[in-house]
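One structure below.
The values are calculated or read from the model by the stated rules, or taken from the named source; none is laboratory data. Note that the structure is predicted; figures quoted are calculated from it, not measured. Heads up, the Cβs are rebuilt from the backbone with ideal geometry, glycines too, and the neighbour counts pull from every protein chain shown. We work out accessible area using only protein heavy atoms, side chains counted, and drop any ligands, DNA or RNA first. Shrake-Rupley method; radii C 1.70, N 1.55, O 1.52, S 1.80 Å.
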Amino acid sequence: MTDEPLLEVENLRVRFETSRGVTEAVRGVSFQVGRERVGIVGESGSGKSMTGRSILRLIRPPGVATADRLMFSGIDLQALSERRMRAMRGRRIAMVMQDPKYSLNPVMRIGSQLVEALKVHERISKSKARERALQMLADVQIRDPERVLSAYPHELSGGMGQRVMIAMMLIPSPDLLIADEPTSALDVTVQLEVLRILDGLVKDRGMGLIFISHDLRLVSTFCDRVLVMYLGKIVEEIDASRLQDAEHPYTRGLLECLPAIGGSHEPLKVLKRDEAWA
Amino acid sequence: MSVSQGAHDPASAEEEAAIAGTGLLPRIAGRFGKTLFSLFVTLFGLLLVTFAIARLVPLDPALAVVGPRATQAQYEAARKEMGLDQPIPVQFVNYLSDVVRGDFGRSNLTSRPVIDDVRDAFPATLELATLATLLGVLLGVPAGVVSAVNQGRWPDHVLRVVGLLGYSMPVFWLGLIALLIFYGQLGWVGGPGQLDVSYELSYELDVTAYTGSILIDSALSGAWDVFANALTHIALPVFVLGYFSLAYISRMTRSFMLEQLGQEYVTAARVKGVPEGRVIWVHALGNAMVPLITVIALSYAALLEGSVLTETVFAWPGLGLYITQALFAADLNAVLGGTVVIGVAFIVLNLLSDLLYTVVDPRAR
């Protein structure tokens, strides 16, 4: 079961063709994800978000995504019609986005947004859908699901909003979840709690998780495996537990520019970058 | 564990307070009260300005009444009768109390009370502006959405050129050409005015004046032949004005939609697997409606006051035509009365769009 990977990506490229020339955001990325937690780390512009979105085939023009192979549990995602692809989105592969302030529809009640996620994939009665939505909100540890269901996004705090976002993406029970900087917009105090909830759900449901972040430490404590991206390429792939042994100078640089409590008082090292790595 | 739980508590207390305070009706009522107050202030300002204009223009209303050949005594008597010998503040108070009682004075041009003239003219304008706005919204909003969704491709280009034409063609020219082709050459529609001459008698006899609007009154009275004839007459001016409104509304819809389509919640809806049609027409348009309401209200208001040219071309007995004729005849009472009515219509529209806002946007409640 665990032998066959959930997702296989080979030579993924994302290009943006504009009047001012072609920009390559992702330049030949290959990796596999099973029912495990894989982290993708990189600084802004390294192509990590674009990698996540191209798996869902949600790169909008003028962006173009191509890959030699993009297989999801034996299905060739690139060969699917838009209709079949839509049936995959949400139902099999879902994505939690960065900031609930922007990723929840501000004029729609939370309940309608949750129920919609369910209703586009299954024929389900109103009361059944409502029941599932309440259960899902309870699963992300929202204390008063009834009230949140009839609330609007602006009435929730960031931490609560992000838990709603997680609930909305997990309600049709997908097999793979892409979490694109799911805690970057949250207060530090709430970050850990949201992560704990996300981690618990991923484990309980046996899903695969792609965790996209710029925070190497966070990713290494939270994931099984880490892909380090730089300028649209994966420069190093390493088990999270062996991160201290990372060999690539860019990964080492990322590790060394973090301060440590009780560490030496020397100035932090400046991150070294070299275009030749990519 | 306990640390993260404790850290979360203050935030959720705040959330619960926010959710608990969703007493919708009292909030809308409070808003309504505030709006009502600002409405009175605006109205007072409007009356002050119209009064000031009346006293500042180099026109002597008393002279206009008695004529240039009156004796000094006759002139003085007229001045006294019109209250013009009183101090200015007293005159303003008198003006206010007159206006509140619906007395705008007498029109020199028609020799009728201005309020009666306005009561006749306003429904015609309202009818025209309402149908034109309806046309502008029903066609303009979808056109703007289609344009935004196909940004940079041919449907967008076609719709934008059509819109630009509506924007740049002078209304009176378009009106004349439309009359020439559809009335003069093809005979598909009725000509200038609200009815054919042959229907005017049956309008007098069969139609009860419930509202002053020919279309509504004839329908309510069951005089369907009059209704049909009125429809052929209003079609062209509605088309001409509606085209203008459509051009404006579709342009604004396009830009609001482009803004909304780039938002993250739209991507989130696609991630959920929501069909593209629903993403566009429910999610994105639902949010674009918020600023659109203001645009539609403004365009409606502009049609109410600004259809002078159209009314002239189509000999449409509306408020625009009335005020213009009064202006040329130096009929100050009529001009001021018409101005106040348009001002009030503006204020009422503002109030309505404010109320609609709270319906469409939960954040405004």
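The table that follows gives values for the structure above.
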quantity	calculated
Those residues of the range B:314-353 which are farther than 30 Å from residue B:37 by Cβ and open to solvent by less than 20 Å² (accessible area, probe 1.4 Å), in sequence order	B:314, B:316, B:318, B:320, B:326, B:331, B:334
Filter result for residue B:175 (assigned by TED's automatic domain parsing to the domain that holds residue B:281, of a type in the set (Gly, Ala, Ser) and on the phi < 0 side of the Ramachandran plot)	yes
Number of the exception - residue B:311 against (1) modelled with pLDDT of 85 or more; (2) closer than 24 Å to residue B:47 by Cβ; (3) buried (at least 19 other Cβ atoms within 10 Å of the Cβ)	(2)
Residue satisfying all of: in the range A:129-140; exposed (fewer than 15 other Cβ atoms within 10 Å of the Cβ) and touching a helix residue (DSSP H, G or I) at 6+ places or on another chain (Cβ under 9 Å); nearest to the other protein chains (Cβ to nearest Cβ) among these	A:138
Hits in the range A:51-64 (condition: among the hydrophobic types (A, V, I, L, M, F, W, C) and closer than 20 Å to residue B:272 by Cβ)	A:55, A:56, A:58, A:59
Qualifying helices (runs of 4 or more DSSP H) (wholly inside the range A:41-124; at least 3 residues being touching a helix residue (DSSP H, G or I) at 6+ places or on another chain (Cβ under 7 Å) and open to solvent by less than 10 Å² (accessible area, probe 1.4 Å))	A:110-119
Scope the range B:194-215; condition within 17 Å of residue B:129 (Cα to Cα) and surrounded by fewer than 15 Cβ atoms within 10 Å (Cβ to Cβ); matching residues	B:211
Enumeration of residues in the range A:158-187 that are within 9 Å of chain B (Cβ to nearest Cβ) and open to solvent by 30 Å² or more (accessible area, probe 1.4 Å)	A:158, A:187
Residues (facing chain A (nearest Cβ under 7 Å) and in a helix (DSSP H, G or I)) located in the range B:258-268	B:264, B:265, B:267, B:268
Checking residue A:147 against (1) assigned to a helix (DSSP H, G or I); (2) more than 7 Å from every other protein chain (Cβ to nearest Cβ); (3) more than 17 Å from residue A:96 (Cα to Cα), the condition it does not meet	(2)
